[in-house]
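Student: Okay, here's the structure, questions in a sec.
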Amino acid sequence: MSIKEPNPYCLHLQQGLTVTAEESTYKPVILNINRRSDFKYFNIISKTAIISDTIYGQLKELLKKRNPKSRFSEEEYAWLIRDYLNGISIKKYGLWVYYPWSGKLIHIVNEDEFIELRTIRNCYKITPEEQAGLKTKIIGIVGLSAGHAVALTIASERICGEMRLADFDELELTNLNRIKTGIQNIGLKKTIITAREIAEIDPFIKVKCFHDGINDNNILCFLKGEDQIDLCVEECDDFYIKFSMRFKCKDLGIPVLMATSDSGLIDIERFDLQKEAKIFHGLSTTTNIESLRNLSTDQKIPYLYEIVNENDMSVRLRASLIEIGESITGWPQLSSAVTCGGGMATDVARRILLGHLKQSGRFSADIEKIVADDLRGESVNHPVEKFNPPIDVQRIQTIPKSSRSIIDRNIIENIVADAIAAPSPGNSQPWKWIAAENSLIAVLDKKRIASNTDFNNWGSVLSLGCSVENAILSANKHGFHVALKILEAGENDFAAELNLSKKSGENDENIYDGQLASYIKSRQTNRKNSQYKSLAEEHKKQLTEAVHSIPEAGIKFIEKWEDINKISELIAAGDIIRFLNKFLYHELMNEIRWNKNDAIIKPYGIEIDSLEISPKDKIGLKVFSSWEVASLVKKFGGKALGDISRRQILASSALVLITMPVLNKDNFFMGGRAVERFWLTATKCNLAIHPFAALIYFFMRLGMDATTCFDEKEIQELKNLRRQWEEIFGPSGEVAEMFLCRVFYSERSKENSGRLPLSKMLEFTR
């Protein structure tokens with residue numbers, strides 16, 4: 001909406017006055033009717049204006065202020081006012097202020113008297129000498145949503161004589177949750193609304209509006225103008241302007257103040273005193289501000305998170321960031337926080353301008369933490385993380401062994417290094433290898449199993465099967481024949497022995513494809529999004545043969561887009577359950593390594609860069625790493641939590657489900673061998689594999705009535721998801737679903753999952 005034309009009276013009054021047509025939309029007309037020309041205009045205006053004449057009361061206030069010890073009667077005030085007027089008619093005393101936008105004509109005392117009365121209640125929090133000094137100051141405010149509260153509070157306190165206001169936007173109905181103005185202003189420029197309201201508080205504060213906001217062409221005019229501003233209050237959403245403004249202020253030596261309207265956070269950058277200070281206190285890693293132009297809300301989030309980090313955000317703002325683009329369109333602000341921010345910014349601005357506050361820094365006065373219930377002594381039920389007891393290595397070591405070692409230690413280490421390159425749930429690496437004479441024994445290390453997610457430890461047994469398959473391939477590569485034996489173990493334990501020999505025997509394992517050994521170290525989980533490309537028939541054939549090489553193992557390809565789309569919604573819904581269930585949540589968060597250093601220290605779990613997600617999604621995950629945030633997101637619905645999986649699955653050539661006949665430990669172990677043959681074959685074919693196993697493990701719990709970690713709502717949701725699942729994959733009970741993944745064509749991922757050192761995985765008993 002363009003700036004509205006002023007009314008005809010205002011245009012007429014501009015004759016002889018220094019008010020342009022544009023300025024007349026937000027500047028009042030001040031008349032001294034003792035001047036003939038002003039009196040003429042006054043007579044025209046007064047015929048239609050709404051007149052307010054409280055001059056007598058103002059003069060009474062003035063005399064009371066100047067005589068604080070006296071207690072005058074009404075009769076005495078009348079005599080004092082008559083003497084003060086010194087023969088001037090009270091109607092002609094002082095000034096008349098006309099506001100064209102409201103048609104109001106207000107009678108006030110003269111400028112010096114007005115300012116004296118306006119600021120008398122500031123004494124002595126602000127001394128008269130300080131007030132006189134503040135009258136000469138110029139403040140620039142960029143962004144008039146949160147900046148509107150700052151501007152009006154500055155005007156009320158009168159800590160400057162001039163304000164420059166910049167914003168390109170118009171008022172919308174949704175702005176009224178935090179901008180204190182009326183619905184009659186919807187559609188008007190925020191600059192005009194703010195300038196008018198300042199004028200209605202104090203018509204003598206000089207206001208200059210930049211209706212197009214700040215840009216490359218006017219930034220210096222805003223900062224320097226006829227006189228350079230003394231302080232810049234930056235409250236805009238445009239990150240290019242945020243950065244540009246700071247660089248220019250640094251060059252010109254202008255301090256910058258920002259109130260974030262969240263957690264009572266105030267940010268001060270004293271570029272006037274600290275010439276070498278880095279913008280945003282060095283928190284930003286951005287070097288090319290051109291890349292910040294025209295960012296979408298999603299694209300802004302990583303920059304926001306960088307300059308206002310997680311610890312400076314309220315829990316509710318962090319939770320809201322996850323919902324942006326799903327249930328909300330931008331980050332929320334509340335009137336209470338904006339109003340509080342306006343007050344704090346004004347307080348800090350005054351002390352900066354008076355020289356009482358000289359430091360840069362970031363300061364928080366979070367009212368939610370200052371005024372809060374005292375929870376000391378109350379018991380808080382935190383989610384319990386379940387850990388199984390360690391494996392019984394002593395029991396395994398009692399297994400009979402031949403009396404003579406035939407295997408070189410270096411060869412054993414090479415074989416086990418290949419074995420531990422296998423995939424595992426969340427890269428937990430839940431295995432232990434024991435070298436004993438002529439055999440290798442693989443056992444579960446239950447300390448590394450996320451037992452709530454991995455039902456009955458079956459996913460870890462499957463990964464042990466993958467590891468054993470690698471060991472068999474590697475041993476064969478080193479010239480050994482392998483006889484495999486499943487050892488007796490407890491209900492949730494599993495152990496397998498590989499007997500290695502240079503001579504063949506009738507119990508030796510058949511090698512499906514000896515070439516697969518060379519792909520063990522290059523096999524990886526690839527989570528990239530890719531362009532759709534249908535799966536080649538030759539590749540489907542090779543993958544099918546690899547799975548079928550394990551007796552009774554089955555494979556099903558889902559290639560129709562409508563089925564892939566349906567499954568993407570099911571997986572997304574399962575992810576939401578996983579994110580928002582307090583038991584599953586903690587296991588999931590324990591998997592993630594937030595940076596390279598974290599991944600080096602703990603070389604298990606999943607490094608966040610390997611997730612191949614957008615910067616916004618990385619920030620979302622980091623923000624979500626607090627259960628306090630997660631529990632709030634659960635109240636909001638959390639639909640955005642399924643977006644990552646949904647997008648990834650839709651970028652698939654096919655979805656693949658690998659099955660065995662019955663749900664039991666032995667089948668999961670053999671199913672793991674089928675999965676590894678499948679995965680290594682895919683690697684050989686330059687196909688990317690990305691597993692999505694969590695939901696089928698939730699279904700296993702459902703089918704075996706082992707749902708203690710789910711609440712009733714989650715159980716009903718899983719039952720609904722299962723019904724939809726069976727419409728695509730077939731009825732439950734026909735096969736045991738072991739492994740689900742997406743298959744697609746893509747360049748390799750740059751990030752490989754870390755591995756614990758061999759010394760942690762391998763023990764020698766001889």
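The values are calculated or read from the model by the stated rules, or taken from the named source; none is laboratory data. As the structure is a prediction and not an experimental result, all values here were calculated from the model. As a convention, Cβ positions derive from the backbone with ideal geometry for all residues, glycine included, and neighbour counts pool all protein chains shown. Please note that ligands, DNA and RNA were not included when accessible areas were found on the heavy atoms of the full protein model with its side chains. Shrake-Rupley method; radii C 1.70, N 1.55, O 1.52, S 1.80 Å.
Student: Can Ile201 be described as touching a helix residue (DSSP H, G or I) at 6+ places or on another chain (Cβ under 7 Å), of a type in the set (Val, Ile, Thr) and either more than 23 Å from Leu105 (Cα to Cα) or buried (at least 18 other Cβ atoms within 10 Å of the Cβ) (or both)?
Tutor: Working: touching a helix residue (DSSP H, G or I) at 6+ places or on another chain (Cβ under 7 Å): yes; of a type in the set (Val, Ile, Thr): yes; either more than 23 Å from Leu105 (Cα to Cα) or buried (at least 18 other Cβ atoms within 10 Å of the Cβ) (or both): no.
Here the answer is no, as Ile201 does not meet what is asked.
Student: Please go through the stretch 158-183 and give me each residue that is closer than 21 Å to Lys27 by Cβ and either among the acidic types (Asp, Glu) or touching a Gly at 6+ places or on another chain (Cβ under 7 Å) (or both), ordered by number.
Tutor: Within the stretch 158-183, Glu162, Arg164, Ala166, Asp167, Phe168, Asp169, Glu170, Leu171 meet the criteria.
Student: For the stretch 710-764, which residues satisfy the criterion of being among the basic types (Lys, Arg) and farther than 30 Å from Lys521 by Cβ? Before the answer, list the steps.
Tutor: Of the residues in the stretch 710-764, the ones among the basic types (Lys, Arg) are 713, 719, 722-723, 742, 748, 750, 755, 760.
Within the stretch 710-764, Lys713, Lys719, Arg722, Arg723 qualify.
Student: Okay, moving on. Take the residues in the stretch 303-323 that are touching a helix residue (DSSP H, G or I) at 6+ places or on another chain (Cβ under 7 Å) and under 18 Å from Cys236 (Cβ atoms), then tell me which one is modelled with the lowest pLDDT.
Tutor: Within the stretch 303-323, the first condition is being touching a helix residue (DSSP H, G or I) at 6+ places or on another chain (Cβ under 7 Å), and the residues that meet it are 303, 305, 307, 310, 314-316, 318-319, 321-323.
Retained after the next criterion (residues that are under 18 Å from Cys236 (Cβ atoms)): 303, 305, 307.
Numbers: Tyr303: 88, Tyr305: 84, Ile307: 88.
Out of the qualifying residues, it is Tyr305.
Student: In the stretch 442-466, what residues are small (Gly, Ala, Ser) and free of Cβ contacts under 8 Å to residues at least 60 places away in the same chain?
Tutor: Ala442, Ser460
Student: Right, next: Quickly run through the stretch 132-144 and pick out the residues that are surrounded by 20 or more Cβ atoms within 10 Å (Cβ to Cβ) and not hydrophobic (A, V, I, L, M, F, W, C).
Tutor: Result: Lys137, Gly140, Gly143.
Student: Still on this structure: If a residue has to be polar (S, T, N, Q), touching a Lys or Arg at 6+ places or on another chain (Cβ under 6 Å) and modelled with pLDDT under 90 to count, how many in the stretch 343-389 make the cut?
Tutor: Just the residues of the stretch 343-389 that are polar (S, T, N, Q), to begin with: 346, 359-360, 364, 379, 381, 388.
Of the ones still in play, those that are also touching a Lys or Arg at 6+ places or on another chain (Cβ under 6 Å) are 360, 388.
Adding the requirement that they be modelled with pLDDT under 90 leaves 388.
Qualifying residue count for the region: 1.
Student: Of everything in the stretch 299-340 that's part of a helix (DSSP H, G or I) and in contact with a strand residue (DSSP E or B) (Cβ under 8 Å, 6 or more places away or on another chain), which residue is surrounded by the fewest Cβ atoms within 10 Å (Cβ to Cβ)?
Tutor: If we take residues in the stretch 299-340 being part of a helix (DSSP H, G or I) and in contact with a strand residue (DSSP E or B) (Cβ under 8 Å, 6 or more places away or on another chain), then Asp312 is surrounded by the fewest Cβ atoms within 10 Å (Cβ to Cβ).
Student: On to the next question. Pairs please, first residue from the stretch 598-614 and assigned to a loop (DSSP other than H, G, I, E, B), second anywhere and of a type in the set (Asp, Glu), Cβ atoms under 7 Å, 6+ apart in sequence or on different chains.
Tutor: Close Cβ pairs satisfying both conditions: Gly605/Glu591.
Student: Kindly list, by first and then second residue, each pair from a residue in the stretch 659-676 that is touching a residue at least 24 places away in the same chain (Cβ under 8 Å) to a residue that is charged (D, E, K, R) and open to solvent by less than 10 Å² (accessible area, probe 1.4 Å), limited to pairs with Cβ atoms under 9 Å and residues at least 6 apart or on different chains.
Tutor: That search, which allows pairs on different chains as well, returns Gly672/Glu469; Arg673/Glu469; Ala674/Glu469; Val675/Glu469; Glu676/Glu469.
Student: Of the conditions (1) crowded, with 20+ Cβ neighbours inside 10 Å; (2) under 29 Å from the mean Cα position of the chain (by Cα); (3) more than 29 Å from Glu290 (Cα to Cα), Ile154 clears all except one; give me its number.
Tutor: That leaves (2) as the condition not met.
Student: Oh, and also: So which of Leu663, Leu655 is over 21 Å from the mean Cα position of the chain (by Cα), part of a loop (DSSP other than H, G, I, E, B) and not basic (Lys, Arg)?
Tutor: On the way: Leu655 fails: part of a loop (DSSP other than H, G, I, E, B).
None of the others qualify; the one that does is Leu663.
Student: Out of the helices (runs of 4 or more DSSP H) lying entirely within the stretch 188-283, which hold 1 or more residues that are closer than 30 Å to Ile367 by Cα? Don't jump to the end; show me each part of the working.
Tutor: Numbers: elements: 190-201, 219-223, 239-252.
Helices (runs of 4 or more DSSP H) meeting the threshold: 190-201, 239-252.
Student: Next up: Looking at the stretch 589-628, which of the residues that are within 20 Å of Cys709 (Cα to Cα) and over 18 Å from the mean Cα position of the chain (by Cα) is most open to solvent (accessible area, probe 1.4 Å)?
Tutor: Asn590
Student: How many residues, within the stretch 708-762, are under 29 Å from Leu440 (Cβ atoms) and either surrounded by 13 or more Cβ atoms within 10 Å (Cβ to Cβ) or in contact (Cβ under 8 Å) with a residue 40 or more places away in the chain (or both)? Give the steps one after another, and end with the answer.
Tutor: Step one: list which residues in the stretch 708-762 are under 29 Å from Leu440 (Cβ atoms), which gives 736, 738-739, 741, 752-762.
If we keep only those that are either surrounded by 13 or more Cβ atoms within 10 Å (Cβ to Cβ) or in contact (Cβ under 8 Å) with a residue 40 or more places away in the chain (or both) as well, we get 736, 738-739, 741, 752-758, 760-762.
Qualifying residue count for the region: 14.
Student: A further question follows. Can you tell me how many residues within the stretch 341-373 are part of a helix (DSSP H, G or I) and either touching a Ser or Thr at 6+ places or on another chain (Cβ under 8 Å) or more than 19 Å from Ile154 (Cα to Cα) (or both)?
Tutor: Here is the first cut: in the stretch 341-373, the ones part of a helix (DSSP H, G or I) are 341-353, 367-370.
Imposing the further condition that a residue be either touching a Ser or Thr at 6+ places or on another chain (Cβ under 8 Å) or more than 19 Å from Ile154 (Cα to Cα) (or both) reduces the set to 341-343, 345-346, 367-370.
Summing the residues that are part of a helix (DSSP H, G or I) and either touching a Ser or Thr at 6+ places or on another chain (Cβ under 8 Å) or more than 19 Å from Ile154 (Cα to Cα) (or both) in the stretch 341-373 gives 9.
Student: Could we say that Arg395 is modelled with pLDDT under 90, open to solvent by 40 Å² or more (accessible area, probe 1.4 Å) and not in a helix (DSSP H, G or I) here?
Tutor: Values: modelled with pLDDT under 90: yes; open to solvent by 40 Å² or more (accessible area, probe 1.4 Å): yes; not in a helix (DSSP H, G or I): no.
So Arg395 does not fit the description; no.
Student: Only one of these is open to solvent by less than 30 Å² (accessible area, probe 1.4 Å) and either over 18 Å from Ala349 (Cβ atoms) or under 15 Å from the mean Cα position of the chain (by Cα) (or both): Ser244, Ser296. Name it.
Tutor: Details: Ser296 fails: open to solvent by less than 30 Å² (accessible area, probe 1.4 Å).
Among Ser244, Ser296, only Ser244 is open to solvent by less than 30 Å² (accessible area, probe 1.4 Å) and either over 18 Å from Ala349 (Cβ atoms) or under 15 Å from the mean Cα position of the chain (by Cα) (or both).
Student: Look at Arg673 and say whether it is closer than 21 Å to Phe729 by Cβ and out of contact with any strand residue (DSSP E or B) (no Cβ under 8 Å at 6 or more places or on another chain).
Tutor: Numbers: closer than 21 Å to Phe729 by Cβ: no; out of contact with any strand residue (DSSP E or B) (no Cβ under 8 Å at 6 or more places or on another chain): yes.
When the stated conditions are applied, Arg673 does not pass them.
Student: Going through the stretch 747-766 one residue at a time, which ones are under 28 Å from the mean Cα position of the chain (by Cα) and of a type in the set (S, T, N, Q)?
Tutor: Scanning the stretch 747-766 gives Ser749, Asn752, Ser753.
Student: OK, next. Please go through the stretch 135-171 and give me each residue that is polar (S, T, N, Q), more than 18 Å from Thr260 (Cβ to Cβ) and part of a helix (DSSP H, G or I), ordered by number.
Tutor: Within the stretch 135-171, the first condition is being polar (S, T, N, Q), and the residues that meet it are 136, 145, 153, 156.
Next, only the ones that are more than 18 Å from Thr260 (Cβ to Cβ) stay: 136, 156.
Answer for the stretch 135-171, where residues must be polar (S, T, N, Q), more than 18 Å from Thr260 (Cβ to Cβ) and part of a helix (DSSP H, G or I): just Ser156.
Student: Name the residues in the stretch 157-175 that are open to solvent by 20 Å² or more (accessible area, probe 1.4 Å) and under 26 Å from Leu117 (Cβ atoms), would you?
Tutor: Correct list: Glu157, Glu162.
Student: Just to be sure, is Ala259 small (Gly, Ala, Ser), in contact (Cβ under 8 Å) with a residue 40 or more places away in the chain, crowded, with 21+ Cβ neighbours inside 10 Å and on the phi < 0 side of the Ramachandran plot?
Tutor: On the way: small (Gly, Ala, Ser): yes; in contact (Cβ under 8 Å) with a residue 40 or more places away in the chain: yes; crowded, with 21+ Cβ neighbours inside 10 Å: yes; on the phi < 0 side of the Ramachandran plot: yes.
Yes, satisfied.
Student: Something else: With Ile696, Ile649 as the choices, which residue is without any contact (Cβ under 8 Å) to a residue 60 or more places away in the chain, crowded, with 19+ Cβ neighbours inside 10 Å and within 35 Å of the chain's Cα centre (by Cα)?
Tutor: Selected residue: Ile696, the only one of Ile696, Ile649 that is without any contact (Cβ under 8 Å) to a residue 60 or more places away in the chain, crowded, with 19+ Cβ neighbours inside 10 Å and within 35 Å of the chain's Cα centre (by Cα).
Student: Arg71: at pLDDT 95 or above and of a type in the set (D, E, K, R), yes or no?
Tutor: On the way: at pLDDT 95 or above: no; of a type in the set (D, E, K, R): yes.
The answer is no for Arg71.
Student: Here is a further query. Considering only residues of the stretch 101-113 that are part of a helix (DSSP H, G or I) and open to solvent by 30 Å² or more (accessible area, probe 1.4 Å), which is nearest to Leu31 (Cα to Cα)? So that I can check it myself, show each step before the final result.
Tutor: Looking only at the stretch 101-113, we keep the residues that are part of a helix (DSSP H, G or I), and these are 111-113.
Applying the additional criterion that residues be open to solvent by 30 Å² or more (accessible area, probe 1.4 Å) yields 111-112.
Working: Glu111: 11, Asp112: 15 Å.
Among them, the one singled out is Glu111.
Student: Confirm whether Asn492 is within 40 Å of the chain's Cα centre (by Cα) and under 24 Å from Val735 (Cα atoms).
Tutor: Values: within 40 Å of the chain's Cα centre (by Cα): yes; under 24 Å from Val735 (Cα atoms): yes.
In short, yes.
Student: Given the conditions (1) modelled with pLDDT under 95; (2) open to solvent by less than 10 Å² (accessible area, probe 1.4 Å); (3) of a type in the set (Asp, Glu), and given that Asp643 satisfies all but one, which numbered condition is not satisfied?
Tutor: Status for Asp643: all satisfied but (2).
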